[in-house]
1. With (1) farther than 18 Å from Val429 by Cα; (2) of a type in the set (S, T, N, Q); (3) open to solvent by less than 60 Å² (accessible area, probe 1.4 Å) as the list, and Thr506 as the residue in question, which single condition is left unmet?
2. Which ones in the stretch 115-146 are surrounded by 24 or more Cβ atoms within 10 Å (Cβ to Cβ) and over 16 Å from Leu526 (Cα atoms)?
3. How many residues does the stretch 73-87 contain that are surrounded by fewer than 13 Cβ atoms within 10 Å (Cβ to Cβ) and in contact (Cβ under 8 Å) with a residue 60 or more places away in the chain?
4. So which pairs qualify, if the first residue must be in the stretch 327-349 and free of Cβ contacts under 8 Å to residues at least 12 places away in the same chain, the second must be aromatic (Phe, Trp, Tyr) and open to solvent by less than 40 Å² (accessible area, probe 1.4 Å), the Cβ gap must be under 6 Å, and the two must be at least 6 apart or on different chains?
5. Among the residues in the stretch 148-162, are any surrounded by fewer than 24 Cβ atoms within 10 Å (Cβ to Cβ) and touching a Lys or Arg at 6+ places or on another chain (Cβ under 6 Å)?
6. Count, please, the residues in the stretch 170-186 that happen to be open to solvent by 10 Å² or more (accessible area, probe 1.4 Å), in contact (Cβ under 8 Å) with a residue 12 or more places away in the chain and in a loop (DSSP other than H, G, I, E, B).
7. Considering only the stretch 8-117, give the helices (runs of 4 or more DSSP H) lying wholly within it that have at least 2 residues that are modelled with pLDDT of 50 or more and either among the hydrophobic types (A, V, I, L, M, F, W, C) or in contact with a strand residue (DSSP E or B) (Cβ under 8 Å, 6 or more places away or on another chain) (or both).
8. Can Glu348 be described as surrounded by fewer than 16 Cβ atoms within 10 Å (Cβ to Cβ), at pLDDT 95 or above and part of a loop (DSSP other than H, G, I, E, B)?
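The values are calculated or read from the model by the stated rules, or taken from the named source; none is laboratory data. Remember, predicted model here, so these are calculated numbers, not experimental data. Virtual Cβ from ideal backbone geometry, glycine too; neighbours counted across all protein chains shown. Areas reflect the complete protein model, heavy atoms only, side chains present, ligands, DNA and RNA absent. Shrake-Rupley method; radii C 1.70, N 1.55, O 1.52, S 1.80 Å.
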Amino acid sequence: MQVIMLGVRGRRVFSALGRWENGVTAMAVVTAAPSSPCHISTSPPPCHFHTSARQSYKCELTSKRYAVQRGGFSQVCEADVKFFNDLLEPHRIVVGEAELAGHNTDWLGTVRGASSVLLKPKTTQEVSTILAYCSEHNLAVCPQGGNTGLVGGSVPVFDEVIVCTSLMNQVESVDTWSGVVTCQAGCVLEALDQHVAQFGLMIPLDLGAKGSCHIGGNVSTNAGGLRLLRYGNLHGSILGVEAVLASGEVMDCISAMKKDNTGYDLKHLFIGSEGTLGLVTKVAISCPPRPAAVNLAFLGLVTFEDVLNTYKAAKSQLGEILSSCEFIDRSSLECVETNLKLKAPIDEYPFYMLLETSGSNTSHDEEKLNNFLESTLGSGLVANGTVATEPSRMLSIWALRERIAEALIHEGYTYKYDISLPLPEFYKVVEDMRQHLGPSIIRCCGYGHIGDGNLHLNITSKEFEKEILNRIEPTVYEWTSRVNGSISAEHGVGFKKRNYIHYSKTAGAIKLMQQMKKLMDPKGILNPYKVLPDE
């Protein structure tokens, strides 16, 4: 096996997804037999590919801003640090406020903890030893991957020991017959996708933060992304999970079989539990074949009803080649154009859609897409549109969607809400919240995955204001609950939504989740203050 690290700065890099990426990153070029283990990344990339901005100011401590009570956990002492030093090499332990600043704060700059130590294990056994020790000494633990989460689930609330998976970045095998990759949890999503591309496969997950997020974190939050419409969520794509319980016991559910109907399917306990039931250390993923032909259409529409009818027509006319259906309102696009100086390829319209097709036959796919566009443009359903097939042009169009989160940060503080809604109600919440908040905010906009009913509602103000937060919450969750939506579509519950989970789950369901937590983590050391409501 040979691993070569290529530093690329200030130039465009052609990614395995057929896009041109700008920025600074580290790319791994790997040569290995399909069954040989290999490292695909020696460190997390120094920046995000798409949502790369990070708040520059030092935000208030989470414990103060949200008035959280610390649990009855022990504090890290010199004896604990000595134990960790004896277990790991010195360079795999991080201490000191400055060195830990990026790990104590989320990338949005909205929550901040005060951990004094971060550990970087390389193996499942090291994770097991760490958790067994922490359980015995009553030390709380915060599992952390690429720290790209948006609900405060990946950073400590107080002084939890951070266990970072960045060095657990080994691909163990790629089964080209069944299309299954087995890898450690710290593999960076984009690097993993580039690796399986060598075998004609793709990871069935694509996120704006793919250049930084870890596959273990994706699994732990049940990340959705841009192509859930085509490939479904991770509960269907993840075939096996290895996780370490709070006690240090290794729960090996890593079977790569696509059919295994033997008893309870325990891997699903860890998919979406955000590190509260166990720390994911290894996953087996079913990978679809990599498409040979990709096309992207950018459309302008006059009414939201036109958006819904266009989506319905796309499902009917594009069928099996439709891989993504994204929605952007005018306010979101205006934010990208103003703050990032990007330019849309068509004139101004109240609403926009991105339709991606991917298949195996270029001429067939182009013909279907062209027929669809002729039909929708001819009927007046779509007001204007353009099609891109060149990688550079597709990147520039995708950037209009994927960099919205980055553009919003330039306006100050962002209140972000990731919700699932019935399609007829999809945009009404944006209009209602905009009217409800009035001139007290800078912007209220919406974008997201129209193909699966996932709206990203974003509200900005010059700086964080408790009064604005109180006007948004719980109003937005009450609104979502009234239409039988979900208060978390793909970002998880984390810290920020834990006390609002009752808007989406019944009292009986919450009680059962609390019982499961006590069974699997009786001391509550794994990612405390997350997912479940305060007792």
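1. (3)
2. Pro121, Gly146
3. Total satisfying the criteria: 1.
4. Hits for this filter: zero, empty list.
5. The answer is yes; a qualifying residue exists.
6. The total comes to 2.
7. Details: elements: 62-65, 78-87, 97-104.
Passing ranges, in order: 78-87, 97-104.
8. Numbers: surrounded by fewer than 16 Cβ atoms within 10 Å (Cβ to Cβ): yes; at pLDDT 95 or above: yes; part of a loop (DSSP other than H, G, I, E, B): yes.
So Glu348 passes the test.
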